[in-house]
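Here's the structure, in structure tokens; my notes come after.
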Amino acid sequence: MKRKGNQVLLLIGIVILSAIGGIAGAYIVNAYPEYNPIVRKESTDEETVIKELEPFTVNLDKNGYLRITLNLVVNESDEEVLDEQTVQLRDKIIHYLTSQTEESIRETDFKENLKNTINQEYEEETGKELIKGVLITDMVSQ
């Protein structure tokens, strides 16, 4: 009988601690939105558009090839600027992709590095941060 009472008290304790943890977590997410992965860091009222780039098919540095299709997320007002810079941007992307090896594109951080490189190259080219996101919609390597 005493053992059952201890189990009930333990269960009540776990429920209370879980509730406190949930409340604390909700408070932190709401009080500090920069720690919330769902809340975007750059909140804007401006509409965004997705610009699909022509697929890239390149030879890799040592062996093999890569075919990848990218979409760029930009503010609607910056769409025309992106259209004017597409040739230069494609050139930078091709140079980056051809410097990769089969091993490097299989690494877990390849896609993130590609996105960061595109953003960085575009900012260097235009002097502004226009690209809000890079979406990889197709990727095949051999």
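The values are calculated or read from the model by the stated rules, or taken from the named source; none is laboratory data. On a predicted model such as this, the values are computed, not experimentally measured, just so you know. Counting neighbours? That spans all protein chains shown, and the Cβs are built from the backbone with ideal geometry, glycine included.
Regarding Leu114, is this residue modelled with pLDDT of 85 or more and buried (at least 18 other Cβ atoms within 10 Å of the Cβ)? Against the criterion (modelled with pLDDT of 85 or more and buried (at least 18 other Cβ atoms within 10 Å of the Cβ)), Leu114 does not qualify.
Take the residues in region 118-142 that are out of contact with any strand residue (DSSP E or B) (no Cβ under 9 Å at 6 or more places or on another chain) and in a helix (DSSP H, G or I); name whichever of them is modelled with the highest pLDDT.
Ranking the qualifying residues of region 118-142, first place goes to Gln120.
Residues that are in contact (Cβ under 8 Å) with a residue 24 or more places away in the chain and acidic (Asp, Glu) were ranked within region 120-142; the one that is nearest to Leu66 (Cα to Cα) is Asp138. Here Leu72, Leu66 are screened, and the one residue that is part of a strand (DSSP E or B), modelled with pLDDT of 85 or more and farther than 14 Å from Thr117 by Cα is Leu66.
Taking first residues from region 35-62 that are surrounded by fewer than 12 Cβ atoms within 10 Å (Cβ to Cβ) and partners that are part of a loop (DSSP other than H, G, I, E, B) and modelled with pLDDT of 50 or more, the Cβ contacts under 7 Å between residues at least 6 apart in sequence or on separate chains come to Lys62/Thr101. Criterion first (touching a residue at least 24 places away in the same chain (Cβ under 8 Å) and surrounded by 14 or more Cβ atoms within 10 Å (Cβ to Cβ)) does Ile94 satisfy it? No.
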